[in-house]
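Contents: one structure, followed by commentary.
Each value in this text was obtained by applying a stated rule to the coordinates, not by laboratory testing. Keep in mind that this is a model prediction, so the values were computed, not measured. Using ideal geometry, Cβ is built from the backbone for each residue, glycine included, and neighbour counts are taken over all protein chains shown.
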Amino acid sequence: MTAIVGLVHQGTVHLGGDSAGISGWSLTVRADAKVFTVGPYVLGFTSSFRMGQLLRYSFTPPKPLGQGVEETKDVPRFMATHFVDAVRETLKAGGWLKKDSEREDGGTFLVGAAGRLFEVHDDFQVAESADGYAAVGCGYEIALGALHATARSRMAPQKRVRLALEAAERLSAGVRGPFTILEAPHG
């Protein structure tokens, strides 16, 4: 289920997501958005609505970037350590974190932070695409194709995100509007 699409344009992260909730062959258009802000971050999840609820309502993000934590000058390092550690603790406290042979698994989501876009995968690795855009969920390949095809256009970033979501909705059975599209908070 899902298409979560993000891109960075002129230092602002734009993130969009669909509304599909899938269980087997059944689809529910959910009222609870998969894309939301938490403090200075914008997040969009796939994997599980429970994981998304924990991130949205229980997650206390670490100190905002550049405010007292020395490692924040190195944003990827900050995301792979302080940020992911806080996510892991939230998922553990909420009963969502899975552990097998001492290895923890969570879920997959995109996060916009400090004008950059990151993918957090179920093994808690943090990835940042050199292209300035990313997508996760069952419609991710379709969405990435649309983002690539519009990368050199002068199209507004929110329009690019919407087109990528529309392409995923058209060509993937697990993606459905309406779409939520947000920008990362500033400051």
Checklist entry - In the Gaussian network model of the chain, springs joining C-alpha atoms below 10 Å, which of Tyr57, Tyr140, Tyr41 carries the largest mean-square fluctuation? => result Tyr57
Checklist entry - Can you give the calculated 222 nm mean residue ellipticity of the chain, where each DSSP H run of n ≥ 4 adds -39,500 (n - 2.57) and the sum is split over every residue, rounded to the nearest 500 deg cm²/dmol? => result -7500 deg cm²/dmol
Checklist entry - Points 7 angstrom from Cα along the Cβ direction at Ala127 and Ala31: gap in nanometres? => result 3.5 nm
Checklist outcome for this item: Taking 0.36 nm per residue of separation between Lys99 and Asp85 and subtracting their Cα-Cα distance, the length gained on full extension comes to 3.5 nm
Checklist entry - Residues with amide H under 5 Å of Asp131's amide H, sequence separation 5 or more or different chain, H placed in the peptide plane at 1.01 Å from N; which? => result none
Item to check | Computed lengthening from Val38 to His148, 0.36 nm per intervening residue step minus Cα-Cα distance | outcome: 36.8 nm
